[in-house]
Amino acid sequence: MKIDPEKCTGFEACIPYCTVGAIHLEKEKGISVIDPDECVECGVCYRANVCPTDAIERVELKFPRSLRGAFSDPLTVHKDTGIPGRGTEEMKTNEVTGRIRRGHAGVAMELGRPGVGTRFRDVDILAQAVAKVGVTFEPKNPVTFLMMDKETGKLREDILNEKVLSAIIEVDVEMNKLETLLRVIKETAPKLDTVFSLDLICKVGPQGEIETLPIAQKAGFTPRPNTKNNLGFGRPLAKEE
């Protein structure tokens, strides 16, 4: 994104719409400016349509900067996943995909959310840390496509300084390794220059028990009571292993 300095009148209507605070007013020139290093190319300032002189413009993005739009703009279809935005189906279609199995947990770490943003350098640090536990990175997750080595979780060097609104590391782990994984995540968190949300996914037991809950509590986490639930309406159903 950029603001045309010839059109901008310094009206400042765009500033509150920036998701990461990358727009500021240059008082000497009397115009608003987008910091290209901080901008995540989410397009919110453009779509808000609040500029009275239409000074906000989209620019053509080339790799690796194009990753900013792919991970930050919910209207941009990710070329590797074929769906808009940074996410994947995870448990939302699990009755059909069978992605989450009994005896396993799905773990998602969404860096940069809410409203802070993250650079892939932090994603790289956390991905390499959790890889040592013996997890399997979800192959259809957009972050996984950026890994040089899916065994170590190492990301491409040429993308590490790119900033996005958020990025999700998604892994499958055996339930008996979950506590170790959660402790590694907790130990790695202070090394990150951002925030992240942590999601735990599992199949519900026959009596409604959630196997990941006591494990998370034992590892020192306080899970929120609100959950996302898959009701199993999709067809055809995935076969249980």
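Throughout, read-outs are computed from the coordinates displayed, never taken from laboratory work. Treat the numbers as computed from the prediction; the structure is a model and nothing was measured. Here the Cβ is made from the backbone with ideal geometry for all residues, glycine too, and neighbour counts use every protein chain on show.
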Run the Debye formula on the Cα coordinates of the stretch 1-59, all scatterers equal and no solvent, and tell me log10 I(q)/I(0) at q = 0.15, 0.19, 0.28, 0.30 1/Å. -0.34, -0.56, -1.31, -1.52
With a ≥ b ≥ c from the Cα gyration tensor eigenvalues, square-rooted, and the rule rounded for a/c under 1.5, otherwise prolate when a/b > b/c and oblate otherwise, the stretch 88-218 is prolate
Based on the mean of other beta carbon atoms within 10 Å per residue, what is the order of 155-166, 197-208, most packed first? 155-166, 197-208
Hey, can you grab everything whose amide H is under 5 Å from the amide H of Leu155? Only 5+ residues off in sequence or another chain; H modelled, so Pro and N-termini drop out. Met148
Per-residue ³J(HN,Hα) for the stretch 121-136, Karplus 6.51 cos²θ - 1.76 cosθ + 1.60, θ = phi - 60°, Hz, x for Gly and Pro: 4, 6, 4, 4, 4, 6, 4, 5, 5, 6, 4, 5, 7, x, 8, 10
For the chain, the convex hull over Cα atoms projects on average to an area in nm² of 15.1 nm²
Out of the trypsin sites (Lys or Arg not before Pro) in the stretch 1-57, which ones are loop residues according to DSSP with at most 11 other C-beta atoms within 10 Å? Lys27, Lys29
If the convex hull of the alpha-carbon atoms of the stretch 100-139 is projected onto planes in all directions, what is the mean projected area in square nanometres? 3.6 nm²
